[in-house]
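*Asks:* Have a look at the structure that comes next, please.
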Amino acid sequence: MRYTRYNYKPAKKKNNFMFVITLIIIAAITLGTIFSKLLPKNNANKAVVDNTTKTDSQKNKESVDVSKVISTTNNKDYVVLQCGKFSNKENALVLKNSLMNYGTPFIIEENKSFRVMFGIYPKESINSIIKQLQGDKIEFVKINFQLVGKDLTSSQLNEMISADIEILNKLSEKNTKHIETVELKKWLLALKGAEEKNKSYASMTEIKTYLTAFPAELKKEKAEEGYIYIYKFIKKASTL
């Protein structure tokens, strides 16, 4: 009896080839899926690292953040706290010295009286200061100022006043020894478009000159002097 002999080797070779192809396709799909999940995650992590680095840098730099974009209509509301009014300067000095732990009080001499002031604050950020003084039973009255920016010149004036007040309030914080003014001066130089015929132009030029003359590092000891200047300046500018 004869037996038919089958050669199984070719079939076996074909099966191995298909098995390898199948493995390659599965591996490619798997690796593609893994990389598609990993790449966005890495990008997100990079963004977090970048943002964290930027935040830490900003925290370690004592300077004023100013914007070069100024709206042509720009109103500013400020509150000054008056803690006492005296006919005798010695009594005013006693009160002023008692307020030193809270910030930088200053004395304004007007009409033969001495008024003890505490801080100049944007209206929207005054509440925390008021609560602190009220908690320690320190009496005060609020003096409100509004600066109206109805054109580019007066709006630039308002922003310069705002930058100066921000500097003074930062200097008044306990842990602040000085403020860097390099970025402030760059911003001042970049401002353009003020009109000489505008009634706010003279005041705008005055405070721009005043701020530009700041040293590179403005010391804490200059805060009281700065408050006196800007208080008188705001009072005059609010009537324009």
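The values are calculated or read from the model by the stated rules, or taken from the named source; none is laboratory data. Computed from a predicted structure; not experimentally measured. Cβ atoms come from the backbone with ideal geometry, glycine included; neighbour counts cover every protein chain shown.
*Asks:* May I ask you to list the residues in the range 141-197 that are more than 18 Å from Glu217 (Cβ to Cβ), in contact (Cβ under 8 Å) with a residue 12 or more places away in the chain and of a type in the set (Asp, Glu)?
*Replies:* The answer is Asp151, Glu159, Glu195.
*Asks:* Among the residues of the range 152-205, which ones are of a type in the set (D, E, K, R) and under 16 Å from Tyr227 (Cα atoms)?
*Replies:* Asp164, Glu166, Lys170, Glu173
*Asks:* Turning to a different aspect of this structure: Would you kindly identify the helices (runs of 4 or more DSSP H) lying entirely within the range 145-240 that contain at least 2 residues that are of a type in the set (A, V, I, L, M, F, W, C), in contact with a Ser or Thr (Cβ under 6 Å, 6 or more places away or on another chain) and surrounded by 13 or more Cβ atoms within 10 Å (Cβ to Cβ)?
*Replies:* Per the criteria, 152-171, 223-237.
*Asks:* Just checking, does the range 124-135 include any residue being part of a loop (DSSP other than H, G, I, E, B) and in contact with a strand residue (DSSP E or B) (Cβ under 7 Å, 6 or more places away or on another chain)?
*Replies:* Yes; the residues of the range 124-135 include at least one that is part of a loop (DSSP other than H, G, I, E, B) and in contact with a strand residue (DSSP E or B) (Cβ under 7 Å, 6 or more places away or on another chain).
*Asks:* Still on this structure: Would it be correct to say that Ser128 is at pLDDT 90 or above and among the hydroxyl-bearing types (Ser, Thr, Tyr)?
*Replies:* Against the criterion (at pLDDT 90 or above and among the hydroxyl-bearing types (Ser, Thr, Tyr)), Ser128 does not qualify.
*Asks:* Which one of Thr72, Thr53 is in a helix (DSSP H, G or I) and modelled with pLDDT under 95?
*Replies:* Unique residue meeting the criteria: Thr53.
*Asks:* Name, by its number, the condition in (1) β-branched (Val, Ile, Thr); (2) in contact (Cβ under 8 Å) with a residue 40 or more places away in the chain; (3) in contact with a Leu (Cβ under 8 Å, 6 or more places away or on another chain) that does not hold for Ile108.
*Replies:* (3)
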